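Worksheet for the structure shown next.
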Amino acid sequence: MSASLLLWAVFLHWASGGGLVQGGRTWQHCTDLRPLDILSEVVPASGPARGMRVFQAQGVRGFQLTTSRPRALGFPASRLFIHCDRFPEEFSIIVTLRVLNVPAKRNEYVFTLMAEESPSVLVGLRYSPNKLHFLFWSQERSSGWQTRVTFRNVSLADSQWHTLVLAVSGQSFSLTVDCSIPKDVVVETPFPTSLSVKRASFYLGNRRRRKGLFTGLLRQLVLLPGADATPRICTAMNFKVATLSVPAVLQDVPVKPASNEVLKYLYETDMKVTLGSRPPCTKQEKARFWFNASQRGLYLCDGSTWISMLEVKQRLDYVEEYQNLVTNSETMGIEVFTIPKVGLFAATANRHTPPGSAIYKWTDGKFVPYQNIPTYQAQSWKYFTIGKKIFLAVANFEQNGKGQEFSVIYKWSRRKEKFITYQRITTHSARDWEAFVIEGEAFLAVVNHREGNNHNIDSVIYRWNPRTGLFETNQTIPTSGAYDWEFFTIGPYSFLAVANTFNGTSTKIYSHIYIWLGGSFQLFQSILTFGAADWEVFHIGDRVFLAVANSHSYDSGMPVPSNFYAINSSIYELNITAQMFVKFQDLLTYSALDWEFFSVGDDSFLVVANSFDGFTFSVNSIIYRWQGYEGFVAAHHLPTVGCRDWEAFNTTEGSYLLYSSAKEPLSKVLKLKTT
């Protein structure tokens, strides 16, 4: 038989399942292309191993490692690599974990693979504050050396569940966190093509010693040879706890006992009761309780909605005037915020300087003056925090007495219990600030309305530099007489919407929605608006809505309409299939300048700031009630004067609305009366 025929016969024998015989044993692939569940190997069939506790947090179970003997959380690699003793050349590692606060300069290990006779880590995964490190041992040199692949700006230590997919192929390493945009790293040293795991063991949450022991919760740890696992993981709605393979003891539905037997697997939980206003209810808050003192109700989060356990049902009956808040001058905007352990505050953005703008504190059921701050035709305030730092930014519309034009960020002084000047930023007729966090980094965006008579200018997004402790320019976006930024997230994606008002000749222009991709905002969708003054994003159940306040319709090249100011404002709904916002409902408004969404009991509401009907500033602003199939229906008509802004807030005494007037130095607090 010729050599070619012999080779062909051998191939046919192998393809039919016979295998190739080498040294007396049948050769097969080192690993089948199936998930290898590292975590399950540590868990005996009878339940968690010694040094492991099952703990439930936010409705999801994971293992907490408590052993003083790290070797007890190990097992031989041969239990996973049955057919040969080589680590796969290409693979993914899938981890679902909940990390607690990690001190600076400390590393904690998720897992390691170590040879018995050596202290070196063959393969390992560890994290430190804002970083994730993948380690591997390269034996291409005689002595060998360890390579560390570092992914920066990975914020895991927030006591939330996260699912990581690390895909490895040669010199390319890709990390996907919660199915967001992957972080890609290319290094000089490729992952070894033939890494021996002979006489090596996996260790869970340690590197065979107590230093660096994992202190969080671990739910999933899977090795998937030969494939990028991201497409298999990123199909679930809850990306943060997406599952490929999870030990039975951690399954969402516990093993049911037979007859009167106790549960097969016991677990602990971090059950917490939240007080105050209605918190979000997502899968992260699953099994958490919320006690609403003002409504005398106890609720349980089932992962999407609050289920009443004990409740006095409340519905909005009517609105009554509660407090006349005398302000320094006409008020262009208000910001209500709470400083922990200090109290509830309201900041008013006042037109005139002097006396500038004011901050009020809620004291004995009323807002009372607390601090005056010099401002220059202030338009709005924005409260935000970075770590333990507390800030309040004002958007100034005019120059100061020295001809300088800037807006100011103030920082809360815990010693003085006052806001003090922190950073000045050059702006151009600033209208609004928006603060947000993306992938652990803090940003602050300003709306520049115009520069001189030019309305088509750049608005600016600033990034917080933790080294300098200052905001620095990160990106500019062209805007047209813009009034408002609105930041929101949908799943792992971040969006920023701008309300463009006037381009110099017309208010009939496009406002834009941007999406964060590749480290900057890119255009996602454009929507035709009419003097847009505000965007408001809100959720009702699983539905996502975006409402625009249209202020007036003007076009220098078109016939004059009968009324510039009586115009529809629109509500858009996210269409998942079309991947865009589509119009849901039009509502007739009168120079609308603001929307505010709020809830009372199980009911959802939108209140609009109607400011001018073409004849008078004394115009009713309207509260709309969500009526399901009917959409939003007018429920309450509220007399207002030049209404500019609405804020909803709650205290232990009840629920309130606060509106500002741009035409008189008087704002009003209204109380929501319920039945």
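The values are calculated or read from the model by the stated rules, or taken from the named source; none is laboratory data. Nothing here was measured: the structure is a model prediction, and the numbers come from that model. We place every Cβ from the backbone using ideal geometry, glycine too, and count neighbours over all the protein chains shown. Each accessible area value is taken on the protein alone, full model and side chains, heavy atoms only, with ligands, DNA and RNA left out. Shrake-Rupley method; radii C 1.70, N 1.55, O 1.52, S 1.80 Å.
Can you compute 3J(HN,Hα) from phi for each residue in the range 446-457, using the Karplus curve 6.51 cos²θ - 1.76 cosθ + 1.60 with θ = phi - 60°, rounded to whole Hz and x for Gly and Pro?
Those phi angles translate into 10, 9, 8, 7, 6, 10, x, 9, 8, 8, 9, 10 Hz.
Along the Cα→Cβ direction, 7 angstrom out, place labels at E451 and D158. What is the inter-label distance in nm?
Distance between label points: 3.4 nm.
Classify the range 36-247 as rounded, prolate or oblate from the Cα gyration tensor: take a ≥ b ≥ c as the square roots of its eigenvalues, call it rounded if a/c is under 1.5, otherwise prolate when a/b beats b/c and oblate if not.
Numbers: a/c = 1.37, a/b = 1.14, b/c = 1.21.
Rounded.
For I181 and K671, what does the FRET efficiency come to when R0 = 35 Å and r is the distance between their Cβ atoms, rounded to the nearest 0.05?
On the way: r = 45 Å, r/R0 = 1.28.
Plugging the Cβ-Cβ distance into 1/(1 + (r/R0)^6) gives 0.20.
Counting only GluC sites (Glu not before Pro) that are in a DSSP loop and have at most 15 other C-beta atoms within 10 Å, tell me the longest site-free stretch of the chain. Display every interim value, and only then the final one.
Values: sites that count: E116, E117, E140, E188, E261, E398, E417, E653.
For GluC sites (Glu not before Pro) (loop position, at most 15 other Cβ atoms within 10 Å), the longest site-free span of the chain is 418-652.
How many nm is it between the label spots at V560 and V582, if each spot is 7 Å from the Cα in line with the beta carbon?
Rounded to a tenth, the inter-label distance reads 4.0 nm.
Taking K and R as +1 and D and E as -1, what net charge do the other residues with C-beta under 10 Å from the C-beta of T427 add up to?
Numbers: positive: R424, R431; negative: E405, E451.
Around T427, the charge tally is 0.
Quick one: of K388/K411; K131/K198; K366/K668; K341/K673, which pairs are farther than 20 Å apart, Cα to Cα?
On the way: K388/K411 11 Å; K131/K198 30 Å; K366/K668 11 Å; K341/K673 28 Å.
The answer is K131/K198; K341/K673.
Could you tell me the center-to-center distance, by alpha carbons, between the range 521-555 and the range 58-134 in angstrom?
Here the two parts' Cα centres lie 46 Å apart.
Obtain the nm distance between the two label points defined at T338 and T473 by a simple spin-label model: each point lies 7 Å from its Cα along the Cα-to-C-beta direction.
3.9
Convert 20 °C to kelvin, take the viscosity as 1.002 mPa s, use the Kirkwood radius over C-alpha pairs of the range 298-344 as Rh, and evaluate the Stokes-Einstein diffusion coefficient in µm²/s, rounded to a whole number. Can you show the working numbers first?
Details: Rh = 15.6 Å.
Diffusion coefficient, whole number: 137 µm²/s.
In the range 133-193, what trypsin sites (Lys or Arg not before Pro) fall in a loop by DSSP, with at most 14 other Cβ atoms inside 10 Å?
R141
Per the 1.4 Å probe, what fraction of the accessible area of the range 345-415, in percent, lies on carbon and sulfur atoms?
Of all accessible area on the range 345-415, carbon and sulfur atoms account for 49 percent.
For D458 and N107, FRET efficiency with R0 = 45 Å and r from the beta-carbon atoms, rounded to 0.05? Walk me through the numbers on the way to the answer.
Numbers: r = 42 Å, r/R0 = 0.93.
So the FRET efficiency works out to roughly 0.60.
Would you indicate which of (i) 79.1; (ii) 40.1; (iii) 31.0 is the value of mean projected area of the Cα convex hull in nm² derived from the coordinates of this structure?
Calculated mean projected area of the Cα convex hull in nm²: the matching label is (ii).
Given axes a ≥ b ≥ c from the Cα gyration tensor, I'd like to know whether the range 550-618 is rounded (a/c under 1.5), prolate (a/b larger than b/c) or oblate. Write out the running numbers ahead of the final one.
Values: a/c = 3.72, a/b = 1.39, b/c = 2.68.
Cα axes put the range 550-618 in the oblate bin.
Report relative contact order for the chain in percent, whole number only (criteria: Cα-Cα under 8 Å, sequence separation at least 6).
Details: 1773 pairs, mean separation 62.7, N = 675.
Relative CO of the chain lands at 9 percent.
List the trypsin sites (Lys or Arg not before Pro) within the range 294-376 that DSSP assigns to loop and that have no more than 16 neighbouring Cβ atoms inside 10 Å.
On the way: sites: R296, K313, R315, K341, R351, K361, K366; in loops: R296, K313, R315, K341, R351.
Here the sparse-neighbourhood loop sites are R296, K313, R315, K341.
Relative to the present Cα-Cα distance, how much length would full extension add between H637 and F291 at 0.36 nm per residue of separation?
Details: separation 346, 0.36 × 346 = 124.56 nm, distance 3.10 nm.
Gain on stretching H637 to F291: 121.5 nm.
Apply the a/c threshold of 1.5 to the C-alpha gyration tensor of the range 406-536 and tell me whether it is rounded, prolate or oblate.
On the way: a/c = 2.10, a/b = 1.37, b/c = 1.54.
Cα axes put the range 406-536 in the oblate bin.
Specify the angular offset, from 0 to 90 degrees and rounded to the nearest 10, of the alpha carbon long axis of helix 3-15 from the longest principal axis of the alpha carbons in the chain.
Approximately 60 degrees, to the nearest ten.
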